[in-house]
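Single-structure report; data block below.
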Amino acid sequence: MSFLIQPNDPAATHPRRMFLGKSGLLLSGAAVALMAGQDALAAAKGGKSATEDVSILNSALGAELEAIAAYQLGAESGLLQKPVLDLAVTFQGHHKEHADVLAKTIAKLGGKAVSAKEKYTFPTDKLKTQADVLRFAAMLEKGAVSAYLGAVPLFANRDLAKAAASILGDEAMHWAILRNALGETPVPSAFMS
């Protein structure tokens, strides 16, 4: 399928679960895109804080690349039917855009972007129905939402912290839409943790 990643495309060096557990952040999006063009970020001074911000962003990039691969798996599984397949492709497209912007932001900050893994370990033996694929994707998106909550205070650069707070909304929308597609309450509680 031409709209999905190809087997030789870059993939992450850090799996999403390791990233979520260690850094407490999954950046994925639109707000990073807004800041990617800001010269103030590129002008950040070197040192521990900038290095730590780049590390968090690289972890986010790795997680985005893993998300791309996860949506690839779902799309190629033959289990997703329209309009759910279209939804998966749309979300994969979002993650591709996020990965591109993250890589550019990392470069502007003087870092080197991580590359993609050749292979990811996904629970393919448990993905037998469309609902299974949707639950898997929803679990990844919910983890991203939770990670953002812990990430905002970790950034030395407050513009990155603002972006992380903004991006949380994108991941929350993905999670809510996936829950709705499963027939579940899209927003199950008033607070996230």
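The values are calculated or read from the model by the stated rules, or taken from the named source; none is laboratory data. Keep in mind it's a predicted model, so treat the numbers as computed, not measured. All Cβ positions, even for glycine, are placed from backbone atoms using ideal geometry, and neighbour counts span all protein chains on display. Calculation scope for accessible area: heavy atoms of the full protein, side chains included, ligands and nucleic acids excluded. Shrake-Rupley method; radii C 1.70, N 1.55, O 1.52, S 1.80 Å.
Worth pointing out:
- With every protein chain in place, segment 50-103: carbon and sulfur % of accessible area (1.4 Å): 56 percent
- When the listed pairs 82/119; 112/142; 128/162; 119/142 are checked against a 32 Å cut-off, the alpha-carbon distance exceeds it for 128/162.
- Gained length - residue 126 relative to residue 149, 0.36 nm times residue gap less alpha-carbon distance: 5.4 nm
- What the pair-distance distribution of segment 129-168 shows, using all Cα-Cα distances binned every 10 Å from zero, is 31, 36, 22, 10, 1 percent.
- Within the straight-line cut-off of under 17 Å between alpha carbons, the aspartates and glutamates reachable from residue 108 are 39, 52, 53, 97, 100, 159, sequence neighbours fewer than 8 places apart in one chain being disregarded.
- Solvent exposure of segment 116-193, expressed per residue, is 54 Å² of accessible area, with all protein chains present and a 1.4 angstrom probe.
- Relative packing of peptides 80-92, 51-63 - highest average C-beta neighbours within 10 Å first: 51-63, 80-92
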